[in-house]
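Presented below is the structure to which this report refers.
The values are calculated or read from the model by the stated rules, or taken from the named source; none is laboratory data. For clarity, every value in this text was computed on a predicted model and none was experimentally measured. A quick note on method: Cβ atoms are made from the backbone with ideal geometry, for glycine too, and the neighbour counts reach across all protein chains shown.
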Amino acid sequence: MYFYTYRIDFVDRYYYYGSRKSKVKPEEDKYWGSPKTHKEKWNTTMYSKTILDEFDNSTSMLNEETLLIGTNFKDDPFCLNQHNNDNFTTLGMKMSDETKRKQSLKKQNYVPWNKGTKGYTLNVDRRGKRHSSKLTKEDVLRIRSMYVDAPALPGVQVVQRNGKVLTYDRIFSKTFHKMFNLTDVGMFNIIRGISWPDV
């Protein structure tokens, strides 16, 4: 297991701190947070994710998250965190059969916040990859225009653990691909002119 803290930075100065327990390395984790209160922000505003630190256990991770949030949640209007977790966690808690039953009933009619998101469909033939058949010429031009404008993104030229340098093209693709319902590789191919070469 991998334990890490992260920060989501939105282009309009808002930000969010979080922590994550993952089965994959933090830099390979496709998790972008699970907002409870500002869900629309993740759908409407461009953002980037920065891995802040890695830990050996969940206790250290949660302690660090508490320090990162501090009092920002109430003092800074740009902080999207609603509270400081104060080390609250349900990790390791035993739940009664009654609690499990109630949770099961609650989830029966649960509709995920991103259900019905336009622009992609899950295609079994592509083994779970998102497939966008609705990408237009205007979208491609907008992507390339955004790329040419070159918004500042954290992490450019940082050497990763595998020894490779993270390029601006890759960070741009990983940051903005969800806006257009593409994979990060699909976005990379568009800005490099591999896909849609005639546009």
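The table below gives the values:
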item: Residue within segment 38-52 that is of a type in the set (D, E, K, R) and over 23 Å from Asn181 (Cβ atoms) present; result: no
item: Residue within segment 139-162 that is part of a helix (DSSP H, G or I), at pLDDT 80 or above, within 21 Å of Ser34 (Cβ to Cβ) and of a type in the set (Gly, Ala, Ser) present; result: no
item: All helices (runs of 4 or more DSSP H) inside segment 1-94 with 2 or more residues being surrounded by fewer than 18 Cβ atoms within 10 Å (Cβ to Cβ) and in contact with a strand residue (DSSP E or B) (Cβ under 6 Å, 6 or more places away or on another chain); result: 72-75
